[in-house]
Amino acid sequence: MSTAMNFSSKSFKPRPPDKGAFPLDHFGECSAFKERFMQCLRDSGYESGACRQHSMAYLQCRMERQLMANEPLEKLGFKDLIDEKPEAKPEK
Amino acid sequence: VVPGETALAFYKAKNPTDKPIIGISTYNVVPFEAGQYFNKIQCFCFEEQRLNPQEEVDMPVFFYIDPEFADDPKMAKVDLITLSYTFFEAKEGQKLPLPGYQ
């Protein structure tokens, strides 16, 4: 059986996520946001930095639908995007 | 992805059977030495997740690479880090070996 764990002298120690697990989006409530994000990645040549507005929108979608614990966006690394656009949320 | 900047990635999982499956996943990072710099803020892993028959779901991971990665001379040649997940079927009473995770 091949697994992610190998028992050599340097064994990889998985660490749990800082803020826990995302519940599954069984109903695809945020799929549209995910699609926009993926499209942005394809358009930008997979530059993650270019699509942060979309990833922020995706996480906001999750928070609004109880698919993610509410967390101030500044704490999720989006402070610069918030400062840029104090009122506006991405359209559509 | 820039060290220190939060990033989002998606995986997709499908249950091709006609029975619900409860799975649990763990992850691996290569190269090994980069794993210490990989910080998950939130993901779908480590907890049991249920997939209904024929269900397909998106599985997000929200993470960042520790900015100290850029200062580590051992990482100077690393420009590709691969994150992979392995799903196991969770069985009643079976505890997965998850070293370091309590």
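Residue ranking by accessible heavy-atom surface, 1.4 Å probe, largest first, among A:ASP25, A:ASP80, B:ASP18 comes out as B:ASP18, A:ASP80, A:ASP25.
Surface composition of the stretch A:30-84: carbon and sulfur atoms hold 49% of the protein heavy-atom accessible area at a 1.4 Å probe. Each of B:ALA34, B:MET75, B:PHE87 was scored by the projection of its Cα onto the charge dipole of chain B, and the greatest displacement toward the positive side belongs to B:PHE87; charges sit on the C-beta of Lys, Arg, Asp and Glu.
Surface listing: B:VAL57, B:VAL1 arranged by accessible area from highest to lowest gives B:VAL1, B:VAL57, probe 1.4 Å. The distance between label points at A:GLN66 and B:GLU68 comes to 4.0 nm (points 7 Å beyond Cα on the Cα→Cβ vector). Element breakdown for the stretch B:5-89 at a 1.4 angstrom probe: carbon and sulfur atoms account for 52% of the accessible area. With loop membership from DSSP and a limit of 14 other Cβ atoms within 10 Å, the longest segment of chain B without trypsin sites (Lys or Arg not before Pro) is B:1-76. For the stretch A:30-84, the relative contact order works out to 28 percent when only alpha carbon pairs closer than 8 Å and six or more residues apart are counted. Taking label positions 7 Å along the Cα-Cβ direction at both A:LEU81 and B:VAL30, the computed distance is 3.1 nm, reported to one decimal.
What is the count of Lys pairs in chain B whose alpha carbons sit under 27 Å apart, if the two are 8 or more places apart or on different chains? Summing the qualifying lysine pairs gives 12.
The values are calculated or read from the model by the stated rules, or taken from the named source; none is laboratory data. Nothing here was measured: the structure is a model prediction, and the numbers come from that model. With ideal geometry, Cβ positions are generated from the backbone for all residues, glycine too; neighbour counts draw on all protein chains shown. Protein only, heavy atoms only, side chains kept; ligands, DNA and RNA dropped before computing areas. Shrake-Rupley method; radii C 1.70, N 1.55, O 1.52, S 1.80 Å.
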